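Inspection log for the structure reproduced underneath, given as structure tokens.
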Amino acid sequence: MTHSQQEKLRPALDEYLAIQSFNADRGFGLMNTANVYLAQGKIQQAEKIYLKAIEIEPIFATSYANLADLYRQTGDDDKSLAILKQGMNNQPKAGLLRYSAGLNLYRQQQLAEAIDYFEQATKVEPRNPQYWYVLGLAQEKIDIKKAMNSIEQAYKVGNNPQHLYALCEFKIKHRDPTTNACINRLSKIVPPQVIKQLTGR
């Protein structure tokens, strides 16, 4: 934003921060404040408040995820992974932390470990289509059949046509014998030009 735009936003932002200050005895209030500081580039202030949020409410998973993302943005993947593992210990039912750990390891090209965390995320939160989809993308390099099954599951739980499109893409790419059946399924829920684009490959 320009300086003028920032000044126009300031009253609303100050009001928002005042509300979060009122909720400073809860993890979400501190986390929201830290998010503002992070967006403003005030990294040290944001880190300090995320850590306080975790101290006050150690079972609130999103604080760990956001702090881990801060460390990712500053290039410290090891610290990012460590805070995610701390979060998993304190909140074992949070698929988000396992998913974030998987992304961390995938960026570091530790594929087997990344897939393990993505699989854990789908077990903890089996109704989250994003976890199944990213698991499928990661599995492509080691097991095409598992990858297709995971993307199929993403479509089943989320009913998002983009996941079915991705599945058909996989089948075309890997010359799967059920490719036509996949395209027929897709043709019932997307415009004809989408099918034309896909089959044109």
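Structure above, values below:
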quantity: Qualifying position, being in contact with a Leu (Cβ under 9 Å, 6 or more places away or on another chain), in the same structural domain as Y50 (by TED's automatic domain parsing), in a helix (DSSP H, G or I) and more than 26 Å from K48 (Cα to Cα), among I83, I115; calculated: I115
quantity: Residue within the stretch 155-176 that is in a helix (DSSP H, G or I) and touching a Pro at 6+ places or on another chain (Cβ under 6 Å) present; calculated: yes
quantity: Residue in the stretch 36-43 that is modelled with pLDDT of 95 or more and among the polar types (S, T, N, Q) present; calculated: no
quantity: Condition met for V157 (of a type in the set (A, V, I, L, M), surrounded by fewer than 17 Cβ atoms within 10 Å (Cβ to Cβ) and not assigned by TED's automatic domain parsing to the domain that holds Q73); calculated: no
quantity: Among the residues listed as L13, L30, the single one being of a type outside the set (D, E, K, R), surrounded by 11 or more Cβ atoms within 10 Å (Cβ to Cβ) and in contact (Cβ under 8 Å) with a residue 24 or more places away in the chain; calculated: L30
quantity: Given (1) in the same structural domain as T178 (by TED's automatic domain parsing); (2) closer than 24 Å to Y50 by Cα, number of the condition A121 does not satisfy; calculated: (1)
quantity: Residue pairs meeting the criteria (Cβ under 7 Å; at least 6 apart or on separate chains; first touching a residue at least 60 places away in the same chain (Cβ under 8 Å), in the stretch 111-133; second among the aromatic types (F, W, Y)); calculated: none
quantity: Any pair with Cβ under 8 angstrom, 6 or more apart, that starts in the stretch 51-76 at a residue that is in the same structural domain as A39 (by TED's automatic domain parsing) and at pLDDT below 95 and ends at one that is of a type in the set (S, T, N, Q) and assigned to a helix (DSSP H, G or I); calculated: none
quantity: So Y131, is it in contact with a helix residue (DSSP H, G or I) (Cβ under 6 Å, 6 or more places away or on another chain), surrounded by 20 or more Cβ atoms within 10 Å (Cβ to Cβ) and assigned by TED's automatic domain parsing to the domain that holds L70; calculated: no
quantity: Restricting the stretch 1-39 to residues that are in a loop (DSSP other than H, G, I, E, B) and in contact with a Leu (Cβ under 9 Å, 6 or more places away or on another chain), the residue that is nearest to Y64 (Cα to Cα); calculated: A24
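The values are calculated or read from the model by the stated rules, or taken from the named source; none is laboratory data. Since the model is a prediction, treat every value here as computed from it, not as a measurement. For neighbour counting, all protein chains shown are included, and Cβ atoms are generated from backbone atoms with ideal geometry for every residue, glycine included.
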